[in-house]
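Structure record follows, encoded as structure tokens.
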Amino acid sequence: MVRVNENYLKIQSSYLFTEIAHRVKAYQEKNPSAKIIRLGIGDVTEPLPPAVVEAMHKAVDDEAKRETFRGYGPEQGYDFLREAIARTDFQARGVDVAADEIFVSDGAKCDCGNIQELFGMDVKIAVPDPVYPVYVDTNVMAGRTGANEDGRYAGLTYLEGNAANGFVPSPSGLKADVVYLCFPNNPTGAVATKAQLQEWVDWARAEKALLLFDAAYEAFIRTPGIPHSIYECSGARDCAIEFRSYSKTAGFTGVRCGYTVVPKGLMAYSADGKPVELRPFWTRRQTTKFNGCSYVTQRGAEAVHSPEGQAQTKATIDFYLENAKIMKDALIKFGYSVIGGTDSPYLWVNVKGDSWEFFDRLLCEANVVTTPGAGFGRNGQGYIRISAFNSRANVEEAVGRLAKVLA
Ligand code: PLP
């Protein structure tokens, strides 16, 4: 008799997006002429930058000729891409990361989810609340938690994000071995200052803990002084792994590419307290279970790092950030307090009431779909997430409708 992995039975069904779809469908059926605008989307809307498209076309031609054909590539990624990443994403900013510390993958979701395989079953895990659910669910699947009670899993430590700390929890007094951090944050759009991240790094070094730093939205940072990488903090190479993604940076949500940085000399500990280097573990994990991101995709990603690619991706992100600014300015004018939307595509709006009631109000009265914050954890109650991934016409139309309902 085949037994299932019982840990899967503990996982809460992904109620959030199912419930949104259900409510939107029910409304649309009753009001077939309503033109619904979706401000809840976490997917990009702009196409790939021309430099990427050109590079990918050329790479397809490489695959079409015997002399330039590439089959299986290195599991960690081609050197041409790892070197481009090290140079433009880190060394150009004065950050010490080398090409052989970069592991190219098919996106940050897999890496954020798979990384927990490297750690013992009894490590104490801390996650933010509100949270990107992948950090939580992958640890539940692995068996590191107990049952879910009132929306929280026994055995996990939740880092409380709230209005008082601006959704940037501090490590003060925390006892944990592995901590997931995400800045600029999904869903709150909050960013951490250098001093706040340095506090986390100092804490992790003192506790022999590890930070898993998700920088999927790094490219949206515009405020000078806000760190783009955890490795801008001194000592972070000794206590942090960083995840990056081309998804929101360059429109790769459908193409799929990301990477993880595991510095040389980064240690965890064996049961007898001996230090063990993590980079060979991740190399082993990837070479065993992952067969590399496609050559065509990696040539496209390489083009993101070219001068043309950098200018084109910046222009697209500027466009999304302008969308965010239009919506943020309007909501503030209507009397709402908003976090994010400045160095992030997400606006986190305090709705002064219940998340789902506000969601229903905007759906029915403005035909605008948002994402109820309550779906991202207990501390998301009372907030909605609005995303800037949209056309300018939709953003302007939505703001006009919100003005009639909220102003
Ligand atoms: N990390 C965060 C915080 C995200 O919001 C997302 C995507 O929405 C990802 C990682 C996944 O990115 P990718 O498309 O590279 O898998």
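The values are calculated or read from the model by the stated rules, or taken from the named source; none is laboratory data. Note that this is a predicted model, so its numbers are computed, not measured. Methodologically, a virtual Cβ is constructed for each residue, glycine included, from the backbone with ideal geometry; neighbour enumeration extends over all protein chains shown.
Points to keep in mind about this one:
- Selection from the stretch 276-292 of residues that are exposed (fewer than 15 other Cβ atoms within 10 Å of the Cβ) and assigned to a loop (DSSP other than H, G, I, E, B): ASN291
- For LEU212, the criteria (1) surrounded by fewer than 21 Cβ atoms within 10 Å (Cβ to Cβ); (2) in contact (Cβ under 8 Å) with a residue 24 or more places away in the chain; (3) in contact with a strand residue (DSSP E or B) (Cβ under 9 Å, 6 or more places away or on another chain) hold in every case but one, which is (1).
- The conditions of being in the same structural domain as TYR15 (by TED's automatic domain parsing), surrounded by fewer than 24 Cβ atoms within 10 Å (Cβ to Cβ) and of a type in the set (Gly, Ala, Ser) are met by GLY382.
- Within the stretch 19-41, residues that are within 16 Å of SER387 (Cβ to Cβ) have Cβ atoms under 6 Å from residues that are part of a helix (DSSP H, G or I) in these pairs: ILE37/ASN394; ILE37/ALA398; LEU39/ALA398, counting only partners at least 6 apart in sequence or on another chain.
- When the test is whether a residue is over 14 Å from PHE376 (Cα atoms) and either without any contact (Cβ under 8 Å) to a residue 40 or more places away in the chain or out of contact with any helix residue (DSSP H, G or I) (no Cβ under 8 Å at 6 or more places or on another chain) (or both), PRO184 does not pass it.
- Any hit, the stretch 39-47, residues being more than 30 Å from HIS305 (Cα to Cα), in a loop (DSSP other than H, G, I, E, B) and within 16 Å of the ligand (Cβ to nearest atom): no
- For the stretch 234-275, the set of residues classified as assigned to a loop (DSSP other than H, G, I, E, B), in contact with a Phe, Trp or Tyr (Cβ under 8 Å, 6 or more places away or on another chain) and more than 16 Å from the ligand (Cβ to nearest atom) consists of VAL262, PRO263, listed by residue number.
- Scanning the stretch 137-155 for residues that are in a loop (DSSP other than H, G, I, E, B) and either more than 21 Å from GLY380 (Cα to Cα) or in contact with a His (Cβ under 8 Å, 6 or more places away or on another chain) (or both) yields GLY143, ARG144, THR145, GLY146.
- Residues located in the stretch 106-136, provided they are in a helix (DSSP H, G or I), more than 11 Å from the ligand (Cβ to nearest atom) and not charged (D, E, K, R): ASN114, ILE115, GLN116, LEU118, VAL136
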